[in-house]
Ligand SMILES: NC(=O)c1ccc[n+]([C@@H]2O[C@H](COP(=O)([O-])OP(=O)(O)OC[C@H]3O[C@@H](n4cnc5c(N)ncnc54)[C@H](OP(=O)(O)O)[C@@H]3O)[C@@H](O)[C@H]2O)c1
């Protein structure tokens, strides 16, 4: 499949590497230009391009930029083929980077992204931490394989996203329409807790919308405190923290 990836940070880089290795034709861009894309991404087979070029001649665009940068990329979407699927990895942390309050609490993140871009999006890969995503993919059939929820309104887009999630080494779980994707947002039991296909449905069902902001902010504050103390955080620490908040 011809795939464009906008964003070459922790998640975008791993997506580009895994999807290239799975045989897809991948282009990737950031905001600063192709010469600043990590050489390891290119070595894996992805092509580093300008942001304007990442949206042309593709079947799927994966957006993996901070949610606060979504409005800035809207002009690029005008040149995206009309039948291309848009897959969104965003999560909203209102306190990160001194971000202004981009959306109201209670607004569903990826529904907001859809409104900002003027095109439907599919929410995928948002609910796996960068460390787990890079290191913990396994082959289909592994009973301990971690599952990733995928929410969308257009079935064709959801099918593309689920296939690509599988190609990155994780079981893809249909988590319903985009309006329900708050169930996989930060602060929810299915968010970055490394659950399996058998465990995820109960976690999605157990989510409480009213508790999400409080739990998201608690997790963020705990992480920042450790970072400020100079402590090293590994992906399993983040998984344990998120699991603890949901139990
Ligand atoms: N980190 C995680 O564990 C994790 C897990 C799941 C989902 N997510 C979500 O996935 C998204 C990406 O996360 P991340 O951790 O990979 O972020 P990151 O490491 O901060 O990388 C962000 C990337 O976005 C690019 N970017 C920013 N504005 C852009 C623009 N206008 N045009 C093109 N590229 C732009 C940046 O490029 P420049 O550096 O050139 O500006 C950078 O390559 C976020 O929404 C995040 O919440 C993160």
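Read-outs throughout are calculated quantities, based only on the coordinates presented, and are distinct from any laboratory measurement. As the structure is a computational prediction, the values presented were derived from the model and not from experiment. Virtual Cβ from ideal backbone geometry, glycine too; neighbours counted across all protein chains shown.
The C-beta contact set for the range 191-205 (first residue assigned to a strand (DSSP E or B), second residue buried (at least 22 other Cβ atoms within 10 Å of the Cβ), distance under 9 angstrom, 6+ apart or interchain) comprises 196/146; 196/147. Of the residues making up the range 60-79, just one is more than 12 Å from the ligand (Cβ to nearest atom) and under 18 Å from the mean Cα position of the chain (by Cα), namely 60. Going through the range 193-208 one residue at a time, which ones are in contact with a helix residue (DSSP H, G or I) (Cβ under 8 Å, 6 or more places away or on another chain) and surrounded by 15 or more Cβ atoms within 10 Å (Cβ to Cβ)? Result: 193, 194, 195, 203, 204, 207. Quick check: is even one residue across the range 122-133 touching a strand residue (DSSP E or B) at 6+ places or on another chain (Cβ under 7 Å), more than 13 Å from the ligand (Cβ to nearest atom) and not in a loop (DSSP other than H, G, I, E, B)? Looking through the range 122-133, at least one residue is touching a strand residue (DSSP E or B) at 6+ places or on another chain (Cβ under 7 Å), more than 13 Å from the ligand (Cβ to nearest atom) and not in a loop (DSSP other than H, G, I, E, B). In the range 4-44, the qualifying residues are those that are surrounded by fewer than 18 Cβ atoms within 10 Å (Cβ to Cβ), without any contact (Cβ under 8 Å) to a residue 60 or more places away in the chain and part of a helix (DSSP H, G or I), and the one that is nearest to the ligand (Cβ to nearest atom) is 36.
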